[in-house]
Amino acid sequence: MKITGKRKATSALSGSRTFYNFLNRLQRNWMLLLMALPGISWCIVFRYVPFYGVLIAFQKYHVGDSIIGGNWVGLYWFRKFFSHPQFQQLIINTLSISILQILFVFPVPILFALLLNEVQSSRVKRLVQTVSYLPHFISMVAVVSMLSLLLNPNSGIVNRLLNSFGLPSIYFMGSKEWYRPIYILSQIWQTFGYSSIIYISALSSVPQELYESASVDGASRFRQITSISLPSLMPTIIIMLILESGKLVSVGYEKTLLLQNSANNAVADIISTFAYRVGLSQGMYSFGAAMDLFSGVINCVLVLIVNRISSKVSDTSLW
């Protein structure tokens, strides 16, 4: 009995110390927490509060029905999606775009950050950074409009260049073969500058003494990149790759929807655009919610798997 009492007292003391340490950390970092408050509030309001709406994926929901007391149908919509004639093609199209983005879009910001880190002039470095960020802030509608003008089969600059070399014009926007290259190349242009911020920040924390010591030892600039810069970036690269794996089945629908047409629909139609078309355009809200929930669950499982693998083969993981 005495031992049990001592254990309870020790546990209570440990709990009070933990709570005191928590309050102490809050007091020390209140300014940082205040800065993070808008982002946390946005995440709660727009990510967690609407979570209860996922329930309509298990109902035959109509506008005006109660979400809590709806007509429950279990996994009916999921079975309907899995047996849909377009299911296999939607999965192939979605995974194709996602894998191409990991292979070609993901490495570009890393290469850009490594190259920018080698620029000695701070003025040139700031100018290049600023210019590279600009495409990120152009609206998706404007980007697709620019692509349509550049790739127009009659008056587009690209086809004029082809004609000047004696080559025939190509209808890029209506071609199944050119849809994915156009998507990936435009995605690289839009995202490489803004996505490189985190890698540039990671490189700025590398001690300059390491580069100076390597230079004294006779290491070339390329050797310094491969032996100092790249290893210093590896933890950040791994974390970003884990997060990227959580988007494997959730390609954004905005650009795809704008680039999509009857000529390239066979390769352009993905899960998110199909969910948008069926869920909103046709009013099948439960069907659309079921498809989005399916994508979310798969992405969550992928993050857990990739994070587990990363923790086994390296010292870096999300948790």
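The values are calculated or read from the model by the stated rules, or taken from the named source; none is laboratory data. In this text the structure is predicted, and so the values were computed from the model without any measurement. Cβ coordinates were reconstructed from backbone atoms using ideal geometry, including for glycine residues, and neighbour counts include every protein chain displayed. When the accessible area is computed, the model is the full protein with side chains, heavy atoms only, and any ligands, DNA or RNA have been set aside. Shrake-Rupley method; radii C 1.70, N 1.55, O 1.52, S 1.80 Å.
For residue 41, state whether it is under 23 Å from the mean Cα position of the chain (by Cα), over 16 Å from residue 275 (Cβ atoms), open to solvent by less than 90 Å² (accessible area, probe 1.4 Å) and modelled with pLDDT of 90 or more. Here the answer is yes, as residue 41 does meet what is asked. Does residue 126 satisfy the condition of being charged (D, E, K, R) and either within 27 Å of residue 237 (Cβ to Cβ) or in contact with a Gly (Cβ under 9 Å, 6 or more places away or on another chain) (or both)? Here the answer is yes, as residue 126 does meet what is asked.
Yes or no, residue by residue, for (1) aliphatic (A, V, I, L, M); (2) not in a helix (DSSP H, G or I):
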site	(1), (2)
37	yes, no
57	yes, no
65	no, yes
81	no, no
84	no, yes
88	no, no
93	no, no
100	yes, no
123	no, no
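Of the conditions (1) without any contact (Cβ under 8 Å) to a residue 40 or more places away in the chain; (2) closer than 28 Å to residue 92 by Cα; (3) assigned to a helix (DSSP H, G or I), residue 227 satisfies every one except a single condition; which number is it? The failed condition is (2). Residues in the stretch 266-281 that are of a type outside the set (Ser, Thr, Tyr), open to solvent by less than 60 Å² (accessible area, probe 1.4 Å) and farther than 10 Å from residue 93 by Cβ: 275, 278, 279.
Residues in the stretch 287-302: is at least one open to solvent by 50 Å² or more (accessible area, probe 1.4 Å), more than 30 Å from residue 142 (Cα to Cα) and more than 22 Å from the chain's Cα centre (by Cα)? Spell out the reasoning first.
The first filter runs over the stretch 287-302 and keeps only residues open to solvent by 50 Å² or more (accessible area, probe 1.4 Å), leaving 292, 297-298, 300-301.
Checking the rest, the ones that are also more than 30 Å from residue 142 (Cα to Cα) come to 297-298, 300-301.
Adding the requirement that they be more than 22 Å from the chain's Cα centre (by Cα) leaves none.
No, the stretch 287-302 contains no residue that is open to solvent by 50 Å² or more (accessible area, probe 1.4 Å), more than 30 Å from residue 142 (Cα to Cα) and more than 22 Å from the chain's Cα centre (by Cα).
With respect to the stated conditions, residue 63 is in contact (Cβ under 8 Å) with a residue 24 or more places away in the chain, loosely packed, with under 12 Cβ neighbours inside 10 Å and either among the hydrophobic types (A, V, I, L, M, F, W, C) or over 29 Å from residue 267 (Cα atoms) (or both). Could you check how many residues of the stretch 141-179 are open to solvent by less than 60 Å² (accessible area, probe 1.4 Å) and touching a residue at least 40 places away in the same chain (Cβ under 8 Å)? Qualifying residue count, the stretch 141-179: 7. Restricting the stretch 103-132 to residues that are open to solvent by 50 Å² or more (accessible area, probe 1.4 Å) and in contact (Cβ under 8 Å) with a residue 60 or more places away in the chain leaves a set whose member that is farthest from residue 203 (Cα to Cα) is 104. Does the stretch 235-242 include one or more residues that are of a type outside the set (S, T, N, Q), in contact (Cβ under 8 Å) with a residue 24 or more places away in the chain and outside any helix (DSSP H, G or I)? No, the stretch 235-242 has no match at all.
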